[in-house]
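Taking it in order: structure first as structure tokens, then the write-up.
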Amino acid sequence: MNERSDDLFEQRRAKAERLRALGADPYPIRAHGTHTAAQALALFARREAGEADTGATVSVCGRLRPLRIMGKKVIFAHLEDSTGEIQVYFKRDVLGESGWAVLEQLEYGDFIEVRGPLFRTKTGEITIEAHALTVLAKALRPPPEKWHGISDVELKFRQRYLDLLSSAETRLRFQRRSQIISAIRRFMDGRGFIEVETPVLQSEAGGAAARPFTTYFNALDEQRYLRISLELHLKRLLVGGLDRVYEIGRIFRNEGVDALHNPEFTMMESYQAYADYLDVAAMVEQLVATIAHDVLGSTVVPHGETTLDLTPPWRRVTMRNALIEHAGLDFEDYRDEARLRGWMAEQRIHAAPEAGWGKLIDEVFSERVQPHLQQPVFVMDYPVELSPLAKRKPDDPGLVERFEPFVGGFEIGNAYSELNDPIDQRERFVAQLAARNRGDDEAELMDEDFLTALEHGMPPAGGLGIGIDRLVMILLNEPTIREVLLFPQLRGRASQRPHDA
RNA sequence: GCCUCCGUAGCUCAAUUGGCAGAGCAGUUGACUCUUAAUCAAUUGGUUGUAGGUUCGAGUCCUACCGGGGGCACCA
């Protein structure tokens, strides 16, 4: 902390002391607002329409925007809350000398409560004429620049509150994120799903191909993993007879950070007994369209320079055909791993040495197909090697009944007809162990508890996972996951915290 | 982990070839009784991310480190 910001801090602290001396507690316990900014504006509009008299007073709480001081007798300012802002008119002979003395100690960033009647200024803006003024919280540090707000991305993420308080756009983005999640719950609840909660701390981290975070359970003297998916516990609930379940929860993957990845992110998974992946696909396009309509009012959403049309039905294409179309590769001609590696070398596509056939196919797909998948599309029928928890296609046991919805060039989810044959499931785990022994440290581990559950009988079911953060990115036209997370992960700064005193 | 770009006042940004570190906002002082990023006048505020080095002279060049952006790797 340098001298400069100490100066600003001390100046503001001195004002707080002066407020105390004036008998105005700078941090009172209670506020007594009667209306939000938006409610006050609406109230006055109704009164002008003749629905009530125009004289009654309101009391509004909020954060003070920069003061417009017109001499020693008049000050205009806006008061901002989460519903918007309303102008306040401070007139010295109306407010009174004691109120004016308090006002002189206030500035941009302070929280106050203003009581008085509503009126329209000469320029037509609905305004509160301040008859009484109460300090609610004196800010000791200056807010960001009033016009540009925060543009330093590091400050924006480390001190997101500064971004929020100075950017209505940022506030709206996170309000909409919340509305999207509410809309998901409404949709799922409306279809008879029940929301459940399963453990974050697990003995084995399964259900996805990812490295887990580890932690330690002292009381039991055992290692624990933070979950990397919700899948294996939710399927146990199908065994238990809960036919339609979903969970919205944070999952953790010990991986790098980029525009599409944050190590902790939010997933919605659902499992529906007696359904298959085609039923799930129909649900997904309906779900996304419903959310878009509820939150944005349209199923056509802006996306960079273009738009995305989320209106059902979405295109369906098999993974094989997508590869033929965009990569010129028919994987049925390259079932041999060595032959596939040769083709990839010719095409200059990176091939990880420890990758098996399935992972190689996935690399080709990511490299050559995925960037083309801008408009929503379901990519169907994945190689069994990539999908150890999905049911095989009856007419093609090398493939599974699985799809991923792609929008904007990346996948927003994953779904399949759930594998409920315990013998096949055990064999898949064995194959995963082989991959792990070959060096794939993200292969699934044998989960005996889960296998025991399957052996008790799990109904046929369609399962779904949707990455909420990525869905929000698509719906709100945000190119990076960081902008839809309030506090994205950053390297810690123990010695150089920007604003901690 | 590797490559690359960036880091200047509380915030938003300047600074020519290596040649006196500057502006707007915020703050302070003054003027102004209907303003809208109020306006006008004056003014405080800097170890240029940190530590070294080259040089008569470094915000600028070099090295290392810290933090961030982008790319690669990783991530179905």
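The values are calculated or read from the model by the stated rules, or taken from the named source; none is laboratory data. No experiment lies behind these values; they were computed from the predicted model shown. Glycine also receives a Cβ, built like all others from the backbone with ideal geometry; neighbour counts cover every protein chain displayed. Note: areas computed on protein heavy atoms with side chains; ligands, DNA, RNA excluded. Shrake-Rupley method; radii C 1.70, N 1.55, O 1.52, S 1.80 Å.
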20 Å Cα-Cα threshold exceeded, pairs from A:Lys235/A:Lys359; A:Lys15/A:Lys72; A:Lys73/A:Lys122; A:Lys122/A:Lys146; A:Lys73/A:Lys146; A:Lys91/A:Lys122: A:Lys235/A:Lys359; A:Lys122/A:Lys146; A:Lys73/A:Lys146
Charge sum, other residues only, whose C-beta stays under 13 Å from A:His261's C-beta, Lys/Arg counted +1 and Asp/Glu -1: -1
Can you give the charge dipole size of the stretch A:324-386 about its Cα centre, rounded to the nearest 20 debye, using +1 on the beta carbon of Lys and Arg and -1 on the beta carbon of Asp and Glu? 180
Per the charge dipole of chain A (beta-carbon charges, Lys/Arg positive, Asp/Glu negative, Cα centre), the residue among A:Gln272, A:Tyr108, A:His131 reaching farthest to the positive end is A:His131
Unit charges on C-beta of K, R, D, E only; dipole of chain A, Debye: 2540
In this structure, the FRET efficiency calculated for A:Ala352 and A:Asp309 from their beta-carbon separation, with R0 = 35 Å, to the nearest 0.05, is 0.45
Please list, by residue number, everything in the stretch A:127-160 whose backbone N is under 19 Å from a paramagnetic label point 7 Å out along Cα→Cβ of A:Asp6. A:140-142
Can you find, among A:Ile412, A:Gly463, A:Ile481, the residue farthest towards the positive end of the dipole of the stretch A:400-487? Put +1 on the C-beta of Lys and Arg, -1 on that of Asp and Glu. A:Ile481
Please calculate how many Å² of accessible area chain A carries per residue, with a 1.4 Å probe and no DNA, RNA or ligand atoms counted. 48
Hey, could you grab the Kirkwood Rh for the stretch A:1-102? Inverse mean 1/r over distinct alpha carbon pairs, Å, one decimal. 16.1
Out of the total accessible area of the stretch A:117-273 (probe 1.4 Å, heavy atoms of protein only), what percent is carbon and sulfur? 52
Say R0 is 22 Å: what FRET efficiency, to the nearest 0.05, do A:Thr121 and A:Ala31 get from their beta-carbon distance? 0.30
For the stretch A:134-270, what is the charge dipole size about the Cα centre, in debye to the nearest 20, if Lys and Arg each add +1 at the Cβ and Asp and Glu each add -1 at the Cβ? 580
R0 of 35 Å, Cβ-Cβ distance A:Arg491-A:Ser178: FRET efficiency to nearest 0.05: 0.80
Expressed as an acute angle from 0 to 90° and rounded to the nearest 10, what is the orientation of the C-alpha long axis of helix A:37-48 relative to the principal long axis of chain A? 60
Here the net charge surrounding A:Arg63, from other residues whose Cβ is less than 10 Å away from its Cβ (Lys, Arg +1; Asp, Glu -1), is -3
Averaged across orientations, what area in nm² does the convex hull of the alpha carbons in chain A project? 30.8
Once both labels are modelled 7 Å past Cα along the beta-carbon direction, what's the A:Val257-A:Val200 spacing in nm? 1.8
Positive minus negative residues near A:Ala139 (Lys, Arg vs Asp, Glu; Cβ under 11 Å): +4
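So if each residue of separation counts as 0.36 nm, and I subtract the Cα-Cα distance between A:Arg335 and A:Arg46, what length gain in nm does that give?
Values: separation 289, 0.36 × 289 = 104.04 nm, distance 7.15 nm.
Gain on stretching A:Arg335 to A:Arg46: 96.9 nm.
Write out the chymotrypsin sites (Phe, Trp or Tyr not before Pro) in the stretch A:234-290 meeting two conditions: DSSP loop, and at most 15 other Cβ atoms within 10 Å of their Cβ.
Working: sites: A:Tyr246, A:Phe252, A:Phe265, A:Tyr271, A:Tyr274, A:Tyr277; in loops: A:Tyr274.
Qualifying residues, ordered by number: A:Tyr274.
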Would you please name the GluC sites (Glu not before Pro) within the stretch A:177-224 that are DSSP coil residues with at most 12 other C-beta atoms within 10 Å of their C-beta? A:Glu197
